[in-house]
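Bear in mind these aren't lab numbers, they're just calculated from the coordinates by the rules spelled out. This one's a predicted model, so the numbers in the text were calculated from it and none came from an experiment. FYI the Cβ positions are ideal-geometry reconstructions off the backbone, even for glycines, and counts take in every protein chain you see.
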Amino acid sequence: MPRKARIIADGGYYHILTRGNNRKAIFLDNQDYCCFLEIIKAYLSKFQVFLMHYCLMPNHVHFLVRLKKAPDLAKFIQAILQVYANYYRKKYNSVGYTFQNRYVSHPIESDIYLLECARYIERNPLRANIANNLIDYRFSSFSFYVQGHDEGIVNCKNPLYLGLGESDSIRRQLYKDYIGVERPYDSLIDRIFRLDKEMD
């Protein structure tokens with residue numbers, strides 16, 4: 001079956017997922033996570049991709065981005081994955097593909113989904129039972145929004161986050177509550193943002 005053509009538009013918001021080939025782990029220690037973040041930081045300065053939210057998981061990565069120039073998305077993703085794959089193969093004496101060969105990009109076509117998608121992305125460590133408290137998970141954008149920890153990865157704040165309150169302290173507390181408090185209908189909302197099924 002032929003692959004579905006991507007529809008990427010200037011100015012659009014997209015939820016991006018890429019994962020390890022055959023679902024294998026792509027981050028084996030903290031150094032790997034930190035290396036990937038440094039690569040992201042380096043290439044954000046080269047392309048007009050605005051990264052609002054992210055979460056690095058052991059075998060996959062989520063981004064929520066806004067694009068100024070649509071063609072820059074593929075260039076950005078290709079660049080960061082190639083550089084990291086070279087690092088990974090050298091460090092672990094690995095052969096073959098590090099990443100699955102096609103990432104998934106899903107348009108966020110309604111403003112109301114911008115925070116819901118962010119919530120889905122940043123709750124991944126809780127969902128996977130690799131963190132009990134999101135504030136302790138170092139490899140997502142959660143601490144940027146709730147504590148102001150700026151590591152140069154988030155280069156565009158979610159506009160709906162900015163609308164939560166008139167001061168940073170108010171926004172941070174409201175955002176922390178919004179992301180952190182479990183809701184009885186989470187599983188239903190989460191199905192909207194699950195992209196892994198599209199990679200199979």
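Things to note:
- Dipole check for the range 84-131: with +1 at the C-beta of Lys and Arg, -1 at the C-beta of Asp and Glu, and the Cα centre as origin, the magnitude is about 480 Debye.
- Dipole in debye (nearest 20) - the range 65-111, about Cα centre, beta carbon charges: Lys, Arg +1; Asp, Glu -1: 300 debye
- With contacts taken as Cα pairs under 8 Å at a separation of at least 6 residues, the chain carries a relative contact order of 26 percent.
- Note that the range 110-127 has calculated 3J(HN,Hα) couplings of 10, 4, 5, 8, 4, 7, 5, 5, 4, 4, 4, 4, 7, 8, 3, x, 5, 4 Hz, one per residue in order, obtained from phi through the Karplus relation 6.51 cos²θ - 1.76 cosθ + 1.60 (θ = phi - 60°); glycine and proline are x.
- Residues Phe36, Phe47, Phe63 arranged by fewest to most Cβ contacts within 10 Å: Phe47, Phe36, Phe63
- Ranking of Ile130, Ile16 by count of other Cβ atoms within 10 Å, fewest first: Ile130, Ile16
- Debye, to nearest 20: dipole size of the range 13-194, +1 on Lys, Arg Cβ, -1 on Asp, Glu Cβ: 720 debye
- Entries of Lys24/Lys176; Lys75/Lys157; Lys91/Lys157; Lys24/Lys91 with Cα pairs more than 25 Å apart: Lys24/Lys176; Lys91/Lys157
- Within the straight-line cut-off of under 20 Å between alpha carbons, the aspartates and glutamates reachable from Lys41 are Asp29, Asp32, Asp72, Glu122, Asp150, Glu151, sequence neighbours fewer than 8 places apart in one chain being disregarded.
- Crossing angle, helix 168-180 versus the chain [Cα axis fit, 0-90 degrees, rounded to tens]: 70 degrees
- Placing unit charges on each Cβ (+1 for Lys and Arg, -1 for Asp and Glu) gives the range 13-194 a dipole about its Cα centre, and among Leu174, Gln147, Ala128 the Cα reaching farthest toward its positive end belongs to Ala128.
- Residues Val65, Val154, Val95, sorted so that the one with the fewest Cβ neighbours within 10 Å comes first: Val95, Val154, Val65
- Viscosity 1.306 mPa s, 10 °C: Kirkwood-radius Stokes-Einstein D of the range 151-200 over Cα pairs, µm²/s: 119 µm²/s
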